[in-house]
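This report refers to the structure that appears directly beneath it.
The values are calculated or read from the model by the stated rules, or taken from the named source; none is laboratory data. Everything numeric here is computed off the predicted structure, so don't read it as measured data. FYI the Cβ positions are ideal-geometry reconstructions off the backbone, even for glycines, and counts take in every protein chain you see. Just the protein is used for accessible areas: all its heavy atoms, side chains included, with ligands, DNA and RNA removed. Shrake-Rupley method; radii C 1.70, N 1.55, O 1.52, S 1.80 Å.
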Amino acid sequence: MKEVQRTDYIQWLDRKKGNGLVKIITGVRRCGKSYLLFTLFKRHLVEQGIGEDHIVALALDDFANRQYQDADTLYNYVKSRITDDDQYYVLLDEIQLVTGFEAVLNGFLHIPNIDIYVTGSNSKFLSSDIVTEFRGRGDEIRVYPFSFAEVHEIFEGDKHRAWSAYCRYGGMPLVWAAQTSQDREQYLKNLFEQVYISDIINRHDLRGKSEIGYIVNILASSVGSLTNPLRLTNTFKSELGLSISQNTVNSYIEYLVDSFLIGKVNRYDVKGLRYISSPLKYYFTDVGMRNARLNFRQQDDSHIMENIIYNELLRRRFSVDVGCVTVNVKAENGKMVRKQLEVDFIANSGDKRYYIQSAFDVPTTEKREQEERSLLNINDSFKKIIVQQSIVEPWHSQQGVLYIGIEDFLLNAESMDL
């Protein structure tokens, strides 16, 4: 497999060099955190002129390095490598294997010429708890599976075939090292069950409880649909004949979110300028994992595309909400009634905001008016975009709405500003 350079992450890490904080590289298991740090970023440091003797890199899960899983031994070893006043870069993989690693890392922060980067992969380290541990002293770099643009770099075929394959298999790096579709599917199924679900079960002591698996299945089947714990509780009763409390369902969903397996998206009332607590939407961090969980049976192209757009917005480091716009419309009886229109995504970054609709196809004027309706009822000047599955040259409607095909949207990092 050709090497994916992950240039955006390298640039991100480079900007954070020497900021006095522990760089905490997080993300779902097997998304390429270790390779990013130990191969790509280390190479980048060397290319910048950093001497190998000023880079302390330890893979703590390597049997040869097992003695450094002791906190005192690790601290003393790293300190012994600091032999002058120049900057040193300390790269530590699987830091959770060190008992009391929080204290060790805090100790390193007192050494002025050390720049620290860590990754980990057990259920505690994977969770957002690790960022809380280092509040004010840690800087999170969230890593995602390969984007469509990254898969396109290494895919042997045109971008249309690459898109089709990406919708099915997603972006987990080792998927693209597999030679056959059967190998890719089996890898994703094993990864989901033996790694992700196992992590959650072990961390939260859910052994013997099957509900977490059912919840994953329901969320996988309803990607992009509004839902909440109450609806899931009712689904358990009506379809599975199981009684499970709303609080338990909510806890299990939070376990999935906390482990980076799924993302929870809040709803925002654009005109009311307020968040709506329920219902919410959930998306999978990787659509290949979602498909594997459903045994590759439910290939809902529209919702998969929506999930991919959501993940892309996160990769571009936007905060993302689902929008709703309340409008007055005339009912059949002639009376005016209030109706909520959906905006698939509101993407915010600094002073920038974009309203984005995911539309599988816009074949008619009627369909175009339908897709634009919510956007044109937003009375501000921020960019409004409709991303569609069908191949289309980017163009702007008379009302200023940008229409762009999904492949162009994903392959061009500046696509939202066309």
For the modelled label position 7 Å from the Cα of Arg43 along Cα-to-Cβ, which residues of segment 165-182 have backbone nitrogen atoms closer than 17 Å?
173-174, 177
Once the Cα atoms of helix 71-81 and of the chain are each reduced to a long axis, what angle between those two axes, in degrees from 0 to 90 to the nearest 10, is obtained?
70
Rounding to the nearest 10 and keeping the result within 0 to 90°, find how far the Cα-based axis of helix 365-376 lies from the longest principal axis of the chain.
60
Mind ranking 171-177, 102-108 by how tightly packed they are, going by the mean number of other C-beta atoms within 10 angstrom, highest first?
171-177, 102-108
Net charge of Cβ neighbours under 12 Å - reference Val322; Lys, Arg +1; Asp, Glu -1
-2
Equivalent-ellipsoid semi-axes of segment 1-125, from the Cα gyration tensor, Å, largest first
21, 19, 13
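May I ask you to rank Lys352, Lys189 by accessible area, largest first, using a 1.4 Å probe over the protein chains only?
Lys352, Lys189
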Restricting to Cα pairs below 8 Å that are 6+ residues apart, what does the relative contact order work out to for segment 174-286? Please round to a whole percent.
23
Of the candidate values [x] 1.69; [y] 1.19; [z] 1.07, the one computed for Cα Rg over 2.2 N^0.38 Å from this structure is [z]
Which pairs break 28 Å Cα to Cα here: Lys189/Lys209; Lys42/Lys189; Lys2/Lys384?
Lys42/Lys189; Lys2/Lys384
May I have the convex hull volume per residue, in Å³, for the Cα set of segment 159-236?
123
So how much slack lies between His396 and Lys264, counting 0.36 nm per residue of separation and subtracting their Cα-Cα distance, in nm?
44.4 nm
So, counting K/R as plus one and D/E as minus one, what does the shell of residues with Cβ under 13 Å around Leu188 add up to?
+3
Per-peptide average of other Cβ atoms within 10 Å, ordering 286-296, 362-372, 68-78 highest first:
286-296, 68-78, 362-372
Listed residues Asp269, Asp84, Asp258, most fluctuating in the chain (Gaussian network, C-alpha, under 10 Å):
Asp84
Under a plain spin-label model, where a point goes 7 Å from the Cα along Cα-to-Cβ, how far apart in nm are Ser319 and Ile154?
3.3
Added length on full extension, which subtracts the Cα-Cα distance from 0.36 nm per residue, Gln67 to Leu109:
12.9 nm
C-alpha long axis of helix 159-169 to longest principal axis of the chain, angle in °:
80
Taking a probe of 1.4 Å, how large is the accessible area per residue of the chain, in Å²?
46
Farthest toward the dipole's positive end in the chain, which of Phe192, Gly32, Val56, given Cβ charges of +1 (Lys, Arg) and -1 (Asp, Glu) about the Cα centre?
Phe192
Which residue, chosen from Ile244, Ser221, Thr83, occupies the Cα position most advanced towards the positive end of the dipole of the chain, where the dipole is computed from +1 (Lys, Arg) and -1 (Asp, Glu) charges on Cβ about the Cα centre?
Ile244
